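What follows is a set of notes on a single structure, which appears directly below.
The values are calculated or read from the model by the stated rules, or taken from the named source; none is laboratory data. The structure displayed is predicted, hence computed values, not measured ones. Every residue, glycine as well, gets a Cβ built from its backbone with ideal geometry; the counts of neighbours run over all protein chains shown.
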Amino acid sequence: MVKRQLSAEALPRLLEAIRRSDTRLVAPVVENGLRVFRPVEHVEEIVLDEGNTAWSFKEFLFPRTEPLFHYRFDGPRTELTEPEPPEGDTVILGARPCDAAGLAVLDRVYAWDYDNRYYRERRERATIIALSCAAPDPACFCTAVGLSPTGTRGSDVLLTKINGAYLAEASTEKGERFLATYGEVFTGQEPDKTEATRAAEARIQRPGPVAVDPEAPVEKLFGHPAWTDAGQRCLGCGACAFVCPTCHCFDIVDEGDARGGSRCKNWDSCGFALFTVHTSGHNPRADQPSRARQRVLHKLRYIPERFGVVACVGCGRCARTCPAGVDIYETAGALNSPME
């Protein structure tokens, strides 16, 4: 792991150098009162030190809507054309370690039984410059899922603020190339982050752990009363999935008219009532408790079993966003309580 130091005074120079290059710079800005990731034209817009963003940066790798192909009717013929591939390199700067860690899930899912070409190309052309979290808020629980506010998983370079400067840790070859490309703003000093890590982790109010017993029989988990409580409160709005760094479900629909159109992939959610409706009309998850069960077990049991990584990063966004107060941390805790 290559380490460098970046002074607070040099940070604006780094941001400006990235912006002036052929690379798209994506970073947190304030938009309609929310901190969100957006492409940046002026580095003065960037807001780094005010907690986490309202949702993660995943839409720049896995867009909310994306054409799979375009079609046009020409008499008896149908002409198909592929969309243009992603162009250009992107630097995503200011992501918290929880968001960066979410890529461990997306990378495995989209390279599993099918090579998602467009995700892969965006991923390969994106450099993730994460920023350690010095002040986790009350909803955060990253340490409860095996992560850390100063963890490097998923990032190419991690910046940790120490005594007014930043420790820059490159944990991938891509990150090392980034430090080399902008080497004039870095120094060779390597401040130690042990104390910064200890202080940040001490501020986490929900230590967990958050897990589902991998030895528990699935049929026992299916009948747990926690699903009734969560499902009766759940409105099925899907907000939790849309703000989540790891949710990756999508629907495929045709959008067009009599002359042609596009077949598009759109974000979807297992919390929606229509998510599993069959053509016959049968719905294997016909009520909200069964859909709440699917969401939690997918993240804490099915994905870990298949890919060896927990599909929750402890960012707390689902709990903050849910209008009904459904909280995966509390639901997981209830699962580990004895059933009556």
Residues being more than 17 Å from A319 (Cα to Cα), among the basic types (K, R) and touching a residue at least 12 places away in the same chain (Cβ under 8 Å): count how many of those fall in the range 194-231.
-> 2
Check on I18, β-branched (V, I, T) and either within 19 Å of the chain's Cα centre (by Cα) or surrounded by fewer than 17 Cβ atoms within 10 Å (Cβ to Cβ) (or both) | no
Answer yes or no as to whether F272 is more than 18 Å from G102 (Cβ to Cβ), surrounded by 14 or more Cβ atoms within 10 Å (Cβ to Cβ), within 21 Å of the chain's Cα centre (by Cα) and of a type in the set (F, W, Y).
-> yes
Assuming G271 fulfils every condition listed in (1) in a helix (DSSP H, G or I); (2) free of Cβ contacts under 8 Å to residues at least 60 places away in the same chain; (3) closer than 22 Å to V105 by Cβ apart from one, which condition is it?
-> (1)
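A quick yes/no check of all residues on (1) more than 18 Å from R96 (Cβ to Cβ); (2) in contact (Cβ under 8 Å) with a residue 24 or more places away in the chain:
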site	(1), (2)
A8	yes, yes
R13	yes, yes
L34	no, no
P39	yes, no
E45	yes, no
Positions within the range 196-212 being within 21 Å of the chain's Cα centre (by Cα) and over 19 Å from I303 (Cβ atoms), in sequence order | A200, E201, I204, R206, P207
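Let's see how each residue does on (1) out of contact with any Phe, Trp or Tyr (no Cβ under 7 Å at 6 or more places or on another chain); (2) charged (D, E, K, R); (3) buried (at least 19 other Cβ atoms within 10 Å of the Cβ):
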position: H278; (1), (2), (3): yes, no, no
position: N283; (1), (2), (3): yes, no, no
position: K299; (1), (2), (3): yes, yes, yes
position: Y302; (1), (2), (3): yes, no, no
position: A311; (1), (2), (3): yes, no, yes
position: R320; (1), (2), (3): yes, yes, no
Does the range 213-232 contain any residue that is under 27 Å from the mean Cα position of the chain (by Cα), under 20 Å from R291 (Cβ atoms), at pLDDT 95 or above and of a type in the set (G, A, S)?
-> no
For P67, all conditions in the list (1) over 17 Å from the mean Cα position of the chain (by Cα); (2) within 30 Å of A319 (Cβ to Cβ) hold save one; what is the number of the exception?
-> (2)
With the range 1-90 as the region, which strands (runs of 3 or more DSSP E) entirely inside it contain at least 1 residues that are more than 24 Å from D251 (Cα to Cα), among the small types (G, A, S) and not assigned by TED's automatic domain parsing to the domain that holds V253?
-> 2-7, 24-31
Say we look at the range 28-69 and pick out the residues that are within 17 Å of T90 (Cβ to Cβ) and basic (K, R); which of these is surrounded by the most Cβ atoms within 10 Å (Cβ to Cβ)?
-> K58
Among the residues of the range 217-240, which ones are out of contact with any Asp or Glu (no Cβ under 8 Å at 6 or more places or on another chain), in a helix (DSSP H, G or I) and under 25 Å from V105 (Cβ atoms)?
-> V218, L221, F222, A226, W227, A230, A239, C240
Can you tell which of A258, A241 is modelled with pLDDT under 95, under 25 Å from T65 (Cα atoms) and either under 25 Å from the mean Cα position of the chain (by Cα) or not assigned by TED's automatic domain parsing to the domain that holds F37 (or both)?
-> A258
In the range 185-202, residues that are closer than 16 Å to S148 by Cα and assigned to a helix (DSSP H, G or I) total 9
Go through (1) out of contact with any strand residue (DSSP E or B) (no Cβ under 9 Å at 6 or more places or on another chain); (2) aliphatic (A, V, I, L, M); (3) farther than 25 Å from R203 by Cα and name the single condition V326 misses.
-> (3)
Pair list, Cβ under 7 Å, 6 or more apart: the range 170-187 residue within 16 Å of L15 (Cα to Cα) and in the same structural domain as S132 (by TED's automatic domain parsing), other residue of a type in the set (D, E, K, R) and in a helix (DSSP H, G or I) = V185/R13
